[in-house]
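Below: one structure, written as structure tokens.
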Amino acid sequence: MVTDLESTVLPTPGKVTWGQKNWKGLEDADLTVSLRRRGDLMVVSVRLKDDKTVVAADASPKAILAADHLELRWSEWGTTKRMENRPVELGVARNALGVPVATWFKPPKKKDTPPPTIRWTSPEAIEVELPLDWFMPPPAKRTYYDPMTYMPWFSVFFSDGDGKGQETLVNVFPKVLFVAEPGRPFPTVEQNVQPWARVEAGATLLMLTQ
């Protein structure tokens, strides 16, 4: 759940999803991820553990893949002809000067979309600001939007190379996103999307399931 009131820390440690034989433990490669809403943005904050840092020689996809980098993956809402979600993937690294470099491994539908704002706040911490409209349907199409069925998924991968190319992928995967309106502690569910019925005062769980 993404809210502007409290940062949501996703499961940690990350799960090694590729290159298990090369992984030497949490100090070799690991990450924690938190999400927070900031107006119309979702701020993705990542803290890394890495025993050897490999920077990107330039901003090309080849150079970013060869370096230690993050892969942010999500689904762009309703962009196909059948209004299906479209997979998007952003690669993020830094160069020898500590400057963020990024490229689309799988670009959004809208051509020439620039990468989002990225900040390396320390050698082990990075923030990426993703517009919420990359994940959510436009307001005019939210009336019958069912977040339980169509809510986009989002995941963060850390690719560790140790100077030998991509060796290990460590993943944090929250499955689906639930975004709260500003100032609210929880997302809202519209009655015409998820119907409910009023219950009597003092109702028990047993009564509701009979």
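The values are calculated or read from the model by the stated rules, or taken from the named source; none is laboratory data. What you see is a predicted model; the values in this text were computed from it and never measured. Cβ sites come from the backbone with ideal geometry, for glycine too, and all protein chains shown count toward neighbours. The accessibility values were calculated without ligands, DNA or RNA, using every heavy atom of the protein model including side chains. Shrake-Rupley method; radii C 1.70, N 1.55, O 1.52, S 1.80 Å.
Any idea which residue in the range 143-177 is modelled with the lowest pLDDT, counting only those that are assigned to a loop (DSSP other than H, G, I, E, B) and among the aliphatic types (A, V, I, L, M)?
Result: Met151.
So which of Leu35, Leu72 is under 17 Å from Phe135 (Cβ atoms) and at pLDDT 95 or above?
Leu72
Test Trp104 against the stated conditions and say whether it is among the hydrophobic types (A, V, I, L, M, F, W, C), at pLDDT below 95, open to solvent by 30 Å² or more (accessible area, probe 1.4 Å) and part of a strand (DSSP E or B).
So Trp104 fails the test.
Whether any residue in the range 114-122 is modelled with pLDDT under 85 and open to solvent by 30 Å² or more (accessible area, probe 1.4 Å) is what I want to check.
Within the range 114-122, none of the residues are modelled with pLDDT under 85 and open to solvent by 30 Å² or more (accessible area, probe 1.4 Å).
Given the options Leu48, Leu72, Leu35, Leu31, name the one that is surrounded by 20 or more Cβ atoms within 10 Å (Cβ to Cβ) and either of a type in the set (Lys, Arg) or over 14 Å from Phe158 (Cα atoms) (or both).
Leu35
Considering only the range 29-60, state which residues are within 29 Å of Leu177 (Cα to Cα) and assigned to a loop (DSSP other than H, G, I, E, B).
Of everything in the range 29-60, those that are within 29 Å of Leu177 (Cα to Cα) and assigned to a loop (DSSP other than H, G, I, E, B) turn out to be Gly39, Asp40.
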